[in-house]
Every structure is written in C-alpha cells, then in structure tokens.
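Only one structure is covered here, and it is reproduced in the block below.
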Amino acid sequence: MSAADDRPRIPGDLVRVRATKWLGQPHWEFDGRWLGADEHGDWVGFPAGTRFARPGHGFTATWDSVSLFPRAGWAAGFNAGHPRGLGIYVDLATVPEWRADASGAWTVSYVDLDLDVVERAGAPAFIDDEDEFAEHAVEFGYPDELVARVRADAEAVLGAVRRREAPFDGATAREWLGRLGRLERLG
C-alpha cells in the first residue's frame, strides 16, 4: 500500500478507533465515520448514539463529536453539546497508525500515554493526569526520550489550545462537525 493509500478515501467509510495502553493493554474502542482530511490530519466523526467502550466501562454518547488523527503524537476530540461542557480533549499518544484489513475495513490505532489536554466550557485548558503519567513512566519503563517528547507535545498542544491556533480555533472543528451532520442526513 502506498503512502497515499494508507487511510480511507471515501467520506462515510467506517473506522474502528482502537487505543491501547503502553504494553498493549486494551483501552478505548469505538466506531466512527471517516469525514476527510486536511492539513491537520484525518477527521473521524461520531454522531450521538455512538458507543464508546473500554474494559469495565462504556457509555453511549448523547452528543456529536469529531476526532482529529494527525501525523503527530496525539489524537484530539472535539465535542458539540457535551453534557458536562467538555469541548476539547486531547490524548497524548503515539502517532496514530492506519490499517485496512482484507475486507477494506479501516482501523486507526494509537497508544494512549496518559497525559491529556482538556478544555471545558468556562474554564481554561489544562494538562490532566500528570500523576498517572509519572507513575506509568516508572511502572512500565517508558523510555526517557518518550517521556520528554510526550511532555513537550503536551505543552505545545496546551499552548495551541490556549492561543486558539487551528485546529483548536473552534472554526475548524465546527466545519468537521457540520460535515458529520451532512453525512448523517444523507444517511
């Protein structure tokens, strides 16, 4: 498969999102629809009614959301109408990897590396789960260069969110949420 073919190409294609923890432990899995790509990366939409599950916990979203999977060490979620005001949620992670199976079904996977950049309505963005990251870095033996990269990425993303740089400017996510809505209406 060439580099140009390593991701879906038809809006609406089903995408399985699979996040694991460091040593391959299962974490979150959920399905969405590929919406397209831009200079920031690939966008996947999750309409209200999407089921999100991890070992021991799951929920069905009552709000629409889109996620951005860049060619960088993070994956970002943008929510519309989240009941607790969660607007932006960025998992610091390994670079998301795209794979298609023999049937043409797509999976994007990444390793969640604990730190998150979170922004809720009416509150400034912040880095969450510093304690979990520090504990896991020791417990699982994260390489020093990985720890440094994740911390640097977290600070860079936090700065971009606070400065409202694209794709964290509001308008970019609204455009992709609009595409999700149009895709759902075509249904």
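The values are calculated or read from the model by the stated rules, or taken from the named source; none is laboratory data. Remember, predicted model here, so these are calculated numbers, not experimental data. With ideal geometry, Cβ positions are generated from the backbone for all residues, glycine too; neighbour counts draw on all protein chains shown.
General remarks:
- For the range 142-187, the set of residues classified as on the phi < 0 side of the Ramachandran plot and not in a helix (DSSP H, G or I) consists of Tyr142, Pro143, Glu165, Ala166, Pro167, Phe168, Asp169, listed by residue number.
- Qualifying residue in the range 154-171 (condition: touching a Leu at 6+ places or on another chain (Cβ under 6 Å), over 25 Å from Asp13 (Cα atoms) and surrounded by 13 or more Cβ atoms within 10 Å (Cβ to Cβ)): yes
- Being small (Gly, Ala, Ser) and out of contact with any strand residue (DSSP E or B) (no Cβ under 6 Å at 6 or more places or on another chain) holds for only one residue in Ala93, Ala19, Ala72, and it is Ala72.
- Pairs where the first residue, in the range 85-105, is on the phi > 0 side of the Ramachandran plot and at pLDDT 95 or above and the second is assigned to a strand (DSSP E or B) and among the basic types (Lys, Arg), C-beta under 6 Å, 6+ apart: Gly85/Arg120
- Yes/no for Phe126 being loosely packed, with under 15 Cβ neighbours inside 10 Å and touching a residue at least 40 places away in the same chain (Cβ under 8 Å): no
- Residues in the range 8-63 that are in contact with a Phe, Trp or Tyr (Cβ under 7 Å, 6 or more places away or on another chain) and among the acidic types (Asp, Glu): Asp13, Asp42.
- When each of Arg71, Arg7 is tested for being crowded, with 17+ Cβ neighbours inside 10 Å and not in a strand (DSSP E or B), the lone residue that passes is Arg7.
- The residue that is nearest to Asn79 (Cα to Cα), among those in the range 141-187 that are modelled with pLDDT under 95 and among the hydrophobic types (A, V, I, L, M, F, W, C), is Leu183.
- Asp131 on the phi > 0 side of the Ramachandran plot and either assigned to a loop (DSSP other than H, G, I, E, B) or at pLDDT 95 or above (or both): no
- Of residues in the range 15-36 being more than 13 Å from Leu180 (Cα to Cα) and among the aliphatic types (A, V, I, L, M), the one surrounded by the fewest Cβ atoms within 10 Å (Cβ to Cβ): Leu23
- Count of the range 29-50 residues which are part of a strand (DSSP E or B) and over 18 Å from Ala105 (Cα atoms): 2
- Scanning the range 43-63 turns up one or more residues that are farther than 26 Å from Phe133 by Cβ, crowded, with 21+ Cβ neighbours inside 10 Å and either touching a residue at least 40 places away in the same chain (Cβ under 8 Å) or not β-branched (Val, Ile, Thr) (or both).
- Restricted to the range 134-153, and to residues there that are within 20 Å of Phe69 (Cα to Cα) and touching a Leu at 6+ places or on another chain (Cβ under 7 Å), the residue that is surrounded by the most Cβ atoms within 10 Å (Cβ to Cβ) is Val150.
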